[in-house]
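Here, each number is a calculation from the coordinates, and none is a lab measurement. A quick note: this is a predicted structure, and the numbers were derived from the prediction, not measured. All Cβ positions, glycine included, derive from the backbone under ideal geometry; neighbour counts span all protein chains shown.
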Amino acid sequence: MTSAVSPVANAVVAHSTFNSLRLGRTSQFVVGRLIRFWDSRNIKKNGEFMGITILLLNELDSVIHGFIPANRASHYRPDLKSGSIVKVDRFEVARCAHTYKITEHQFVIRFTPSTRICEVLTDAPVINSEKFMMRRYDHLHVLSNTNLELPVTFHKLADVVGEIRSVQGSDLRNDAATTRVVVRLLIEPDVTVYLSLWDEAASTFRGLLKAGDKTKSVMLVTTVNPKLFGGNMYLNSTPGTRFFFDTNLPDIAEFVSRVGGESSKVFPLVDTLQGIKKKELVSIADLNTFISNSNEQTQEADFFCKARIVGVVHENGWSFVACTGCNRKLERIGTSLSCNRCVTDAVTGVVRFRVELAVDDGNDSATFVFFDKEMTKLTKQDAAVLALDEAANGGEKNIPICLEELTDKEFVFQIRVTPFNFTPNYRTFTVSTITEDIISLTHGKIVQ
């Protein structure tokens, strides 16, 4: 059986440019530098391996991405070497779906069972060693607002360069750890973003820290996914994320010149291995900063936050039907209610509060979630009774007046931060206690 991977190619003859490629399976072949490659995984199916994504750069400084499906990955992986110049032929050219674009090119090269890839060692074209998709803050802001929900992590991606201001995470010197690392990155003279490194990217970055050189503070990071949360910009790593510190790279040199960044400035490390337990009075901005600068291994933490209620968030209603046995939400199956925890047909339910309130502390806003105990205490009303009143009024889904009357009132909220707050889609804070003054919450002791 003839292998589809050859170790060496002869001198290159005329090959197709990326821009001249035609759709479909063809006899065309391309030559390019394999600048990066990574495993693509489906985050909606527990990280199921989908294949290998590769990036090719040609002599015209054009970049196109290729995809090797999972069932062929083991065949080609041994011959993928970052930085090598390769010849690829017998592939399929497909149109790149807009939502899955990794580069600016309209096409993607798909590997088929007959595709061949070989390294070019003689008479290779002159090709740059790297090409980055650099993005400034304004473009990142646009990308972060596209609200795409995709099964893979490679959409609205960008490369950025910035000066490291601080690094925080758990067990930062252990390069075997894969828990989240957060890097505060200055990308404009007055703009700081939060770079969240996960999984392999977090491990790789810990390895860089373990090497002991904290003087390379200007960093170029590739293939990050921008998101906005609480008014802050977060750049989430992907399996394609790589790090570059070479001050001779034009993009790093341009940043240092434009922003005035210091490429050899020592930055602080904050290791949160022991977690954070202290209760303190904080602003909404402080809560968001704590989430961004900590990681999912941080122990549960409590904070006090003084804010004004702006109004009720209507989208998710104000109540739910809870199981009387375990207090979990009952699921409706047809005309019946079922509890996923209590294995019994005799399930009974009771209406309980779950209310989302928009709050504001004068500088920032957030959504606080209140459950039955605190909301009953605050409104002096029983959720089940309010639900009966609602049914008596024809079942109209109106917000009870007692909830509407909370608008413009100011309280001190005790906020419980749990691992749920460290997931990418979690956008609310749960209130565990509420009062009108901080003294009541601290039992007469002033919080330092």
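Given a Förster radius of 51 Å and the C-beta distance between ALA346 and ASN42 as r, what FRET efficiency does 1/(1 + (r/R0)^6) yield to the nearest 0.05?
E(calc), rounded to 0.05, equals 0.80.
How much length is gained on full extension from ARG25 to SER62, taking 0.36 nm per residue of separation minus their Cα-Cα distance?
Gain on extension, ARG25 to SER62, equals 11.2 nm.
Within 15 Å, Cβ to Cβ, of ALA70, how many net charges do the neighbouring residues add up to if Lys/Arg are +1 and Asp/Glu are -1?
+3
With only Lys, Arg, Asp and Glu charged, each at its Cβ (+1 for the first two, -1 for the last two), find how big the charge dipole of the stretch 55-102 is about the Cα centre; round to the nearest 20 debye.
It works out to roughly 200 debye.
Pop a pseudo-label 7 angstrom from the Cα along the beta-carbon direction at both THR17 and LYS380 and give the gap in nm to one decimal.
The modelled label-to-label distance comes out at 7.8 nm.
Subtract the Cα-Cα distance of GLU254 and ARG110 from 0.36 nm times their separation in residues, and report this length gain in nm to one decimal.
48.3 nm
For the residue pair ASN128 and LEU269, what label-to-label distance in nm results when each label sits 7 Å from Cα along the Cα-to-beta-carbon direction?
So the two model labels end up 3.4 nm from each other.
Give me the one-decimal nm value for the distance between modelled label points at ARG136 and SER338, 7 Å along each residue's Cα-to-Cβ direction.
It works out to 5.5 nm between the two label points.
What does the charge count around ARG352 come to, taking other residues whose C-beta lies under 12 Å from its C-beta (Lys +1, Arg +1, Asp -1, Glu -1)?
Neighbourhood net charge equals +1.
Would you mind counting up the charge near PHE18? Only other residues with Cβ under 11 Å from its Cβ, with Lys and Arg at +1 and Asp and Glu at -1.
Result for the neighbourhood of PHE18: -3.
My understanding is that a pair violates if its Cα-Cα distance is over 27 Å; which of LYS329/LYS373; LYS87/LYS131; LYS45/LYS131 do that in this structure?
Table pairs above 27 Å Cα-Cα are LYS45/LYS131.
Between LEU121 and SER74, what FRET efficiency follows from the Cβ-Cβ distance if R0 is 25 Å, with the result rounded to 0.05?
0.55
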